[in-house]
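Note sheet for the following structure.
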Amino acid sequence: MSLTDWLSTPENWVFLVIALPMLAAAVKLVTTTNVVHAALYLVVTLAASAAVLLLLGAEFVAWTVVLVSIGAVVVLFLFGIMITRAPMGREATLSHPRSVKLAAAAVSFALFALIGGAAVDAFTSQPLTEPADATRTGALGEVLFTRFVIPFEVVSVLLLAALIGGIVLARRDPGETAGGGL
Amino acid sequence: MTLVDYLPIALMIILAVGFCVVMLLLSWRVGPRNPTPEKLAPYECGIVPLQDPVERFPVKFYMVAMLFVIFDVELIFLFAWAVNFESFGWAGIGAMAIFVALLVETLVYVWKRGALDWNVARRLRNRRVVAPDPAEKAA
Amino acid sequence: MNFWLELLLKLALILAVMLPGALVVIFGELKISAHMQSRIGPYFAGGRYGWAQPLADGLKFMQKEDLVPAAADSMVFRLAPYIVLMGTLATYVIIPFGPDLVVENLDLGLFYLLAVSSLTTLGVLMAGWSSGNKYSMIGGLRAAAQLIAYELPLVLAAVAVAVQAGTLSLNGIVASQAETVFTIGGFDVALPFVLKGQIIGFLIFVTAGLAELSRIPFDMPIAESELTMGYLTEYSGLRFTMFFLGEYAGMVAMAAIVSTLFLGGYYLPFVDADLLNVVGPLVLVAKVGLMCFLFIWIRWTFPRLREDQLQTLAWRWLIPAALVNIMLTGIAKVVL
């Protein structure tokens, strides 16, 4: 496919409109020296990825990203930052020496190559087929509750374990110290 | 075609932002602009602020957020179940009952562990009034 | 071209109904609160009944200085009101005013609604942190903790409705409340969900909805007596107005959602579908007005809950009750 072909499809223009700000926000996310700003750039990146998922027709997954990643996980990050230090302005400890930066860049490029390569290898150039039935969410539920019903139950055990781990880390037993457990 | 479906939403967001920007521009024209150091200081009902708001906050806020993430993930599955509810019947009810039971177990664990007690400090204080610490009594 | 024209007309209609709707609710709040306290309330702007008071307030706010405190993080501070207002206004798009009078009938309507409204939490946290004021910070954290704690019972109550209706589309939910339940003397009687087994869900939804709006029994985040104005402390002029408008627009949106999910939405019995496109908006507006009156009434009836009581109510009572409600709805649906 040539570049002019690629540009003649309207979807690709929409993709560019979404992907370029996403890329910019992702770069700012790792380069900014303010933790709260980094979390907010993460919101932009996640919102753009939700938009890309909408573009692919995966509505349910797209809104899941908004509900869970933006509405819950980023809020958890912000809570974590705010109850500890809530630094306003720049923070010196966030800038690392050059060697660390280079190593981080190398690792992230390797990861990008791995995931991107795997995705390209798995789908090559075959176009995505639209499912026949109208509600794709229905199809998702169908698969989840028939073929993947055991993993689905295991997920809830995993969530339970995650929560117990979190509570053990964040909280002392009430008897451990005099005024503890606040 | 899902993209067309979301066009109104994109337009609505643009309209909402546009509305705000126009209002702010109007206000910029009409309103005064005369900032003084006193006006720009943090508002604390007239008292001069003594410290920056960089204190540490109770960890219970974080516990709430953590619990919320767990439950939020479970909600996604509930929605996937609710859409196709008709076709699952009793099997679906059973699968979801186990899932919800584990969810409730999470809640009960958190509850018993005391992460939902927002008033532990006060309760401990009250208990000490009733029965003083033996070590303290000896001293 | 026709498509664009229709779309723009629908959006214009929604904005023309909902934004003045927010102003009407503000006026209602001023006047009804006044009468509940044996006061007259506004009586100056706009003749004897003071109907122009919200507009006068808006114009007054516009002439105020738009201050960004020196200690504030200016970018985040300026951005926060947009996020809050965006999360509220985006919910308007999918509320059905009639069988065909809906801007967008999404298959995933309900899910979209909940996803978008979770953005408000983010806006509130941004406002609280960026103000550089300790009251704002505490207020923002409290508000966010409250919003997320009550989002769960809200969503769980909505899931029970989705189970009973068998769809997430808001039009579909209204349509399933228009189905005939029984027939008396030749008349087909349809019942809204609140009378069709979702009474517990309705109570949970309204309680959680009040908390999501931070309205009085749940107004801990902006408790004036201890936090000045919570996360709004440093906002002035039109930025404050944006939060204020967002709050009341959110109240209208919440009332519309409650009406759609539990009270039958635009549906009126014995009216056929074509006429319903005309009558529907009026029916919905009447129900929204009723819900808003209820919200205001509750405000002057109950005292404010303390932070720990607030969290206890959500986690120990509402969430377990909502989970039980979902399972009961599911079982009832399979058995019947």
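Quick grid of which residues meet (1) touching a Cys at 6+ places or on another chain (Cβ under 6 Å); (2) modelled with pLDDT of 75 or more; (3) over 30 Å from residue B:93 (Cα atoms); (4) surrounded by fewer than 10 Cβ atoms within 10 Å (Cβ to Cβ):
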site: A:94; (1), (2), (3), (4): no, no, yes, no
site: A:98; (1), (2), (3), (4): no, yes, yes, yes
site: A:108; (1), (2), (3), (4): no, yes, yes, no
site: A:114; (1), (2), (3), (4): no, yes, yes, no
site: A:132; (1), (2), (3), (4): no, no, no, yes
(message) Consider the stretch C:20-40. How many of its residues are in contact with a helix residue (DSSP H, G or I) (Cβ under 7 Å, 6 or more places away or on another chain) and either assigned to a helix (DSSP H, G or I) or surrounded by 19 or more Cβ atoms within 10 Å (Cβ to Cβ) (or both)?
(response) 11
(message) Out of the helices (runs of 4 or more DSSP H) lying entirely within the stretch C:207-325, which hold 1 or more residues that are at pLDDT 85 or above?
(response) C:237-262, C:273-299
(request) State which residue pairs qualify: first residue more than 17 Å from residue C:59 (Cα to Cα) and inside the stretch C:14-31, second residue of a type in the set (Val, Ile, Thr) and surrounded by fewer than 19 Cβ atoms within 10 Å (Cβ to Cβ) in any location, beta carbons under 9 Å apart, and separation of 6 or more residues or different chains. (result) C:31/C:40
(message) Among (1) aliphatic (A, V, I, L, M); (2) closer than 19 Å to residue C:287 by Cβ; (3) assigned to a strand (DSSP E or B), there is one condition residue C:181 misses while meeting the rest; what is its number?
(response) (2)
(request) Within the stretch C:27-78, track down each residue that is of a type in the set (Val, Ile, Thr) and more than 21 Å from residue C:233 (Cβ to Cβ). (result) C:32, C:40
(message) Just the residues that are in contact (Cβ under 8 Å) with a residue 24 or more places away in the chain and facing another protein chain (nearest Cβ under 9 Å), please, taken from the stretch A:1-39.
(response) A:11, A:14, A:34, A:36
(message) Looking only at the stretch B:1-36, count every residue that is more than 7 Å from chain C (Cβ to nearest Cβ), surrounded by 16 or more Cβ atoms within 10 Å (Cβ to Cβ) and not in a helix (DSSP H, G or I) and tell me the total.
(response) 1
(request) Within the stretch B:83-96, track down each residue that is at the interface with chain A (Cβ under 8 Å from one of its Cβ atoms) and in a helix (DSSP H, G or I). (result) B:83, B:87, B:88, B:91, B:92, B:95
(request) Could you please let me know if residue C:111 is aromatic (Phe, Trp, Tyr) and not in a strand (DSSP E or B)? (result) yes
(request) Being within 22 Å of the chain's Cα centre (by Cα) and facing chain B (nearest Cβ under 8 Å) is the filter here, so list the residues in the stretch C:45-91 that pass it. (result) C:81, C:82, C:85, C:86, C:89, C:90
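The values are calculated or read from the model by the stated rules, or taken from the named source; none is laboratory data. Since the model is a prediction, treat every value here as computed from it, not as a measurement. Here Cβ is always computed from backbone atoms with ideal geometry, including for glycine, and neighbour counts include all displayed protein chains.
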